[in-house]
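Undergrad: Structure provided below as structure tokens; questions to follow.
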Amino acid sequence: MLRNFTILILVLFIASVNGYAQKIDNTDADEAMIRANVKQMETGWNARDGKAFAAPFAADADYVVVNGIHAKGRDEIGKVHTGIFTTIFKDSRNAATIKNVRFIRKDVAVVHVEWNLEFTAAGETRKGRALSTMIMTKDNGKWSIATFQNTSIQPTGGK
């Protein structure tokens, strides 16, 4: 009985160590590549370059924004942004703040980013805030955005 209990404790210990190793399996380089993808989006937006904005997305990515528009694939994401950069967001500026990067597996990460947008509409400067959830995947050593969902952050407390 004591032998079986000792074996059980040993197995549980090995399993917990293995689980811990999986959680820290990702390197600083992986996180740096993920952060570089977000920076590329921000840089592309502020240059009003749809193709540069879309570059970090997977070829078959899903992109859903606050009004429910769903763009499918890097090329369409780039075209949609080229369109908005020549109209409503032609004088805009967007700042990204990464809130967290959580590795689900060594090749899958959930990334939350807060976006602070300034743009001009009807002659006045407006501001908007949004929180995006991205699923990034790693293929052949490269991270790309597989899915993107953007949610507007509404002011609280009557502001």
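Undergrad: Would you please list the contacts, defined by Cβ atoms under 7 Å and residues six or more apart or on different chains, that run from a residue in the range 28-52 that is more than 16 Å from residue 99 (Cα to Cα) to a residue that is among the basic types (Lys, Arg) and at pLDDT below 95?
TA: Hits for this filter: 48/90.
Undergrad: Moving to a separate point now. Within the range 98-130, take every residue that is surrounded by 13 or more Cβ atoms within 10 Å (Cβ to Cβ) and either of a type in the set (Ser, Thr, Tyr) or touching a Gly at 6+ places or on another chain (Cβ under 7 Å) (or both) and give me the one that is nearest to residue 146 (Cα to Cα).
TA: Filtering first and then ranking leaves 117.
Undergrad: Just wondering, is there one or more residues in the range 57-80 that are touching a strand residue (DSSP E or B) at 6+ places or on another chain (Cβ under 6 Å) and at positive phi?
TA: yes
Undergrad: While we're here: When only residues in the range 132-159 that are surrounded by 15 or more Cβ atoms within 10 Å (Cβ to Cβ) and of a type outside the set (S, T, N, Q) count, which is farthest from the chain's Cα centre (by Cα)?
TA: Filtering first and then ranking leaves 138.
Undergrad: Being out of contact with any strand residue (DSSP E or B) (no Cβ under 9 Å at 6 or more places or on another chain), assigned to a strand (DSSP E or B) and not acidic (Asp, Glu) is the filter; apply it to the range 106-155 and report the residue that is farthest from residue 68 (Cα to Cα).
TA: 142
Undergrad: Go over the candidates 125, 147 one by one and state the one that is touching a residue at least 40 places away in the same chain (Cβ under 8 Å), at negative phi and among the β-branched types (Val, Ile, Thr).
TA: 147
The values are calculated or read from the model by the stated rules, or taken from the named source; none is laboratory data. From a predicted model like this one, the values you see are computed outputs, not experimental measurements. Neighbour counts run over all protein chains shown; Cβ positions are idealised from the backbone, glycine included.
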